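For reference, the structure is listed below as structure tokens.
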Amino acid sequence: MADTPASGDTERNNNLNAANVLLIQGSTYTAAAKYREAEKAFMEAHRMYSRTGNDLHAANALLGLGDVYLAQSKRGEAKKAFTEAHEIHSRIGNDTGVANTLILLGAIYWAESQHEEAKKAFTDAREIHSRLGSDLGVANALLGLGDVHRAQSSPYEAEKAFKEAHELHSRIGYDVGAANALNGLGQVYGRQSKYGEAEKAFKDASKIYTRIGNDLGAANALNGLGHVYGSQSNYGEAVKAFTEAHDIFSRIGNGRGAASALDGLGQAYVAQSQYGKAEKAFAEGHKIYSRLGDDLRAASALDSLGQSYAHQSKHHDAEQAFTEAHEIYSRMGNDAGAADALTGLGQIYRDLSKHDEAEKAFMEAHEIYSRMGNDVGAANALLGLGGAYQGQSRNREAEKALNDAHKIRPGTNEELHSGNVYRNLGILAQKQYRYSEAEVYYRQALAAYDHAGHADSRARTLLALGRLQYSQHKYLDAEETVSESLAIWTSLANEEGCALSYLFLAQIYKSQSKPAEAKDALIQMEELLARIDQGVVLAAILLQLGAVCMEQGMYAEAEEHYRVAEALYSTIENARGEAAALQGLGALYLLQGQTQEAEKCCAQARIVCPAVADEQVGVKTLEEIMKAVPLIDKMFDAGWSHFLQLSKSGDPNRASIEAGHIETQNEVKDTEDQNQGKAVSTFFVTFESEG
């Protein structure tokens with residue numbers, strides 16, 4: 001007769017079996033993003049394994065629990081679980097377990113920007129796996145080391161680590177690891193502006209992830225690919241990549257990834273002047289980050305949202321967004337973020353002619369940037385401060401601020417920096433009627449931008465130079481100069497820039513008594529601006545079309561243009577524009593002898609915006625409209641306008657200070673720059689007073 005197992009052994013076996021089932025259930029729940037159920041299963045499995053003295057399996061349950069916490073961005077709880085697992089493996093002498101937990105802990109240290117701790121963890125793990133002869137373990141440790149080197153701006157070491165990891169993973173046939181290495185290489189190449197290599201790496205990674213059904217990896221690769229496309233001004237492909245990445249992240253329930261893709265998508269829309277779409281993307285991203293309790297990225301999203309509002313002249317919304325971002329950064333002790341938000345606020349205050357508040361914001365931002373040693377931010381703040389002084393007719397102080405900005409040497413992109421200063425000095429000189437000096441400054445700016453290879457800034461400077469030539473009645477020179485800016489923006493597919501050039505060409509044609517050419521240019525602009533969803537600029541175009549039609553005796557068409565412009569300005573709450581449209585209608589009715597209607601429009605204009613109504617009784621010509629609507633004048637100045645590009649801090653998630661150069665960090669986690677401490681992603685970060 002066989003021996004009957006003791007009741008204690010039976011209970012122990014039952015507990016082990018139950019724990020094993022729970023371990024499997026936990027993994028299944030994790031894969032299905034059912035984190036609450038997964039957490040409960042792993043915790044119960046750990047309790048049962050611990051009670052039965054099965055340390056190895058108890059440690060494995062802790063690893064599963066840590067993965068669940070990581071998926072929910074609960075890094076503190078994940079670190080605690082992995083640390084406890086590491087202690088167990090160390091106690092029982094399981095070197096493989098020790099090395100694997102070191103890799104997991106290294107990943108958390110890296111995500112928290114504790115780079116030295118991360119490097120030590122990955123290095124120790126690599127040594128253990130190498131001693132054990134585990135190629136897979138060595139390759140995984142190399143992936144972590146590659147990430148650390150990249151975060152520490154050591155591209156050579158990062159590239160070497162990722163290449164070694166890719167070679168090992170490929171040799172042993174571990175596709176996920178090979179794809180992860182390619183993903184890392186794509187990020188390194190992107191940061192070095194090796195866009196061809198970066199694009200190939202991300203595409204190869206995406207193919208592998210897709211083939212093996214790894215949705216998270218595929219989404220990350222697409223995110224990186226979107227940044228590479230954006231850095232090359234291929235915004236259509238960027239939007240496509242970010243949209244696909246967002247769809248995948250959303251489908252698998254990865255909120256942080258979805259928000260990251262939305263940020264990239266928003267920046268791609270900004271680059272195409274599709275500010276309404278950008279606003280929607282940034283707002284949705286902010287909502288996700290806020291829900292996750294990620295204050296740093298929520299503040300960054302508010303910063304981007306503030307910029308999209310500013311582009312649409314939604315000044316109140318922009319002010320609120322920048323103010324909220326500043327409060328969050330200040331509460332967190334994040335000086336770089338606080339200074340960025342102050343720079344945004346300064347620009348909004350200047351656009352609202354609140355020059356005292358603008359001056360205060362820019363000065364505070366400059367103080368912070370200077371204290372941090374952030375030369376790029378300090379230069380930007382000085383450029384903004386110069387604009388605030390100019391708005392108060394404190395021209396001597398404005399010039400000093402610009403010259404002080406010029407003395408700053410940012411260390412990189414110095415030609416771009418010089419070009420920005422020269423252009424703004426030219427704008428200041430032009431407004432003081434120092435035309436010869438202004439032209440010299442503009443020519444110096446153009447030479448600097450040529451050397452820097454910055455076509456967009458060259459086009460904006462050409463527009464300013466054309467304005468200078470126009471003011472001196474050099475119409476043929478102005479036409480040639482502005483046509484050159486149009487050609488550049490056409491080559492860059494910058495529809496907003498093209499709109500500005502066409503708008504100014506219309507004025508030039510009008511001054512040369514070429515009404516047909518003027519009308520054609522304005523019609524083209526109307527089509528462009530309708531396509532890029534720029535209501536505030538479209539309304540200004542319609543104002544001018546109304547003026548041209550009125551002068552040509554096309555009264556019905558003129559009335560239609562003025563009425564639509566009035567409605568647009570009313571919708572976006574632009575009182576000055578609405579009043580200007582009403583004045584145009586008043587002038588039109590007066591020309592037709594409809595005195596009563598004319599008086600009615602003038603009276604309404606005074607109610608809507610008394611300041612504009614007092615400036616002019618009626619707007620009769622294109623030139624007068626150009627003077628009556630400050631927005632148009634501001635755009636033509638190509639300076640101190642809402643095109644200001646904030647001097648964002650640089651970290652692995654954002655672009656370098658050179659416009660168009662994107663750093664393609666696409667993982668979905670918090671990282672802070674070791675010097676400046678701000679996590680954000682954007683396409684255009686230039687130290688210009690205007691982009």
#### Entry: Residues of segment 571-593 classified as at pLDDT 80 or above and either of a type in the set (A, V, I, L, M) or surrounded by fewer than 16 Cβ atoms within 10 Å (Cβ to Cβ) (or both), total
11
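Which one of these is within 30 Å of Gly255 (Cβ to Cβ) and small (Gly, Ala, Ser): Ala99, Ala125?
Details: Ala99 fails: within 30 Å of Gly255 (Cβ to Cβ).
Criteria check complete, one pass: Ala125.
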### Task
Select from segment 17-56 the residues that are touching a residue at least 40 places away in the same chain (Cβ under 8 Å) and in a helix (DSSP H, G or I) and write down the one among them that is nearest to the chain's Cα centre (by Cα).
Thr30
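Given Ala478, Ala487, Ala518, Ala506, which one is more than 25 Å from Ala565 (Cβ to Cβ), at pLDDT 85 or above, of a type outside the set (Ser, Thr, Tyr) and open to solvent by less than 10 Å² (accessible area, probe 1.4 Å)? Quick ask: steps written out before the conclusion?
Details: Ala487 fails: open to solvent by less than 10 Å² (accessible area, probe 1.4 Å); Ala518 fails: more than 25 Å from Ala565 (Cβ to Cβ); Ala506 fails: more than 25 Å from Ala565 (Cβ to Cβ).
Answer to the check: Ala478.
Restricting to segment 287-303, count the residues that are assigned to a helix (DSSP H, G or I) and open to solvent by less than 40 Å² (accessible area, probe 1.4 Å).
Going residue by residue through segment 287-303, those that are assigned to a helix (DSSP H, G or I) are 287-292, 295-303.
Adding the requirement that they be open to solvent by less than 40 Å² (accessible area, probe 1.4 Å) leaves 288-289, 296-303.
Here the count works out to 10.
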### segment 367-389 - residue that is open to solvent by less than 20 Å² (accessible area, probe 1.4 Å) and of a type outside the set (A, V, I, L, M, F, W, C) and, of those, farthest from Arg576 (Cα to Cα)
Asn374
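Inspect segment 206-216 for any residue being assigned to a helix (DSSP H, G or I), crowded, with 20+ Cβ neighbours inside 10 Å and touching a Ser or Thr at 6+ places or on another chain (Cβ under 9 Å) and give the result as yes or no. Outline the logic, then answer.
Initial filter on segment 206-216 (assigned to a helix (DSSP H, G or I)): 206-212, 215-216.
Next, from what is left, pick out any that are crowded, with 20+ Cβ neighbours inside 10 Å: 206, 208-209.
Then drop every residue that is not touching a Ser or Thr at 6+ places or on another chain (Cβ under 9 Å), which leaves none.
No, the conditions are met nowhere in segment 206-216.
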### Query
From the residues in segment 267-284 that are modelled with pLDDT under 95 and either in contact with a strand residue (DSSP E or B) (Cβ under 6 Å, 6 or more places away or on another chain) or open to solvent by less than 10 Å² (accessible area, probe 1.4 Å) (or both), which one is farthest from Tyr35 (Cα to Cα)?
Ser273
## Note on the structure
Those residues of segment 521-533 that are surrounded by fewer than 24 Cβ atoms within 10 Å (Cβ to Cβ) and modelled with pLDDT under 75 come to a total of 5
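Taking the criterion of being assigned to a helix (DSSP H, G or I) and at pLDDT 90 or above, would at least one residue in segment 419-433 satisfy it?
The answer is no; no qualifying residue exists.
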### Task
For residues that are farther than 21 Å from Asn223 by Cα, assigned to a helix (DSSP H, G or I) and of a type outside the set (Ser, Thr, Tyr), scanning just segment 304-313, find the one that is most open to solvent (accessible area, probe 1.4 Å).
Gln307
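Listed here are the residues, each with its yes/no results for (1) under 26 Å from the mean Cα position of the chain (by Cα); (2) under 23 Å from His227 (Cβ atoms); (3) in contact (Cβ under 8 Å) with a residue 40 or more places away in the chain.
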residue	(1), (2), (3)
Ile128	no, no, no
Pro155	yes, yes, no
Lys160	no, yes, no
His166	no, yes, no
Ala179	no, yes, yes
### Query
surrounded by fewer than 24 Cβ atoms within 10 Å (Cβ to Cβ) and in a helix (DSSP H, G or I): does that describe Ser130?
yes
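Which residues, counting only those in segment 172-182, are part of a helix (DSSP H, G or I) and either open to solvent by 10 Å² or more (accessible area, probe 1.4 Å) or more than 15 Å from Asn223 (Cβ to Cβ) (or both)?
First, the residues of segment 172-182 that are part of a helix (DSSP H, G or I): 172, 175-182.
The answer is Ile172, Asp175, Val176, Gly177, Ala178, Asn180, Ala181, Leu182.
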### Query
How many residues does segment 546-563 contain that are in contact with a Leu (Cβ under 8 Å, 6 or more places away or on another chain) and crowded, with 18+ Cβ neighbours inside 10 Å?
8
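Yes/no matrix, rows are residues, columns are (1) touching a Ser or Thr at 6+ places or on another chain (Cβ under 8 Å); (2) open to solvent by less than 10 Å² (accessible area, probe 1.4 Å); (3) β-branched (Val, Ile, Thr); (4) closer than 19 Å to His326 by Cα:
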{"site": "Gln347", "(1), (2), (3), (4)": "no, no, no, yes"}
{"site": "Ser353", "(1), (2), (3), (4)": "no, no, no, no"}
{"site": "Glu357", "(1), (2), (3), (4)": "no, no, no, yes"}
{"site": "Ala365", "(1), (2), (3), (4)": "yes, yes, no, yes"}
{"site": "Gly391", "(1), (2), (3), (4)": "yes, no, no, no"}
### Message
Just the residues that are aliphatic (A, V, I, L, M) and in contact with a Lys or Arg (Cβ under 8 Å, 6 or more places away or on another chain), please, taken from segment 120-143.
### Response
Val138, Ala141, Leu142
### Query
Just to be sure, is Ser193 surrounded by fewer than 24 Cβ atoms within 10 Å (Cβ to Cβ), within 26 Å of Ala281 (Cβ to Cβ) and among the small types (Gly, Ala, Ser)?
yes
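The values are calculated or read from the model by the stated rules, or taken from the named source; none is laboratory data. From a predicted model like this one, the values you see are computed outputs, not experimental measurements. Neighbour counts run over all protein chains shown; Cβ positions are idealised from the backbone, glycine included. Side chains included, ligands, DNA and RNA excluded: accessible areas come from the protein's heavy atoms. Shrake-Rupley method; radii C 1.70, N 1.55, O 1.52, S 1.80 Å.
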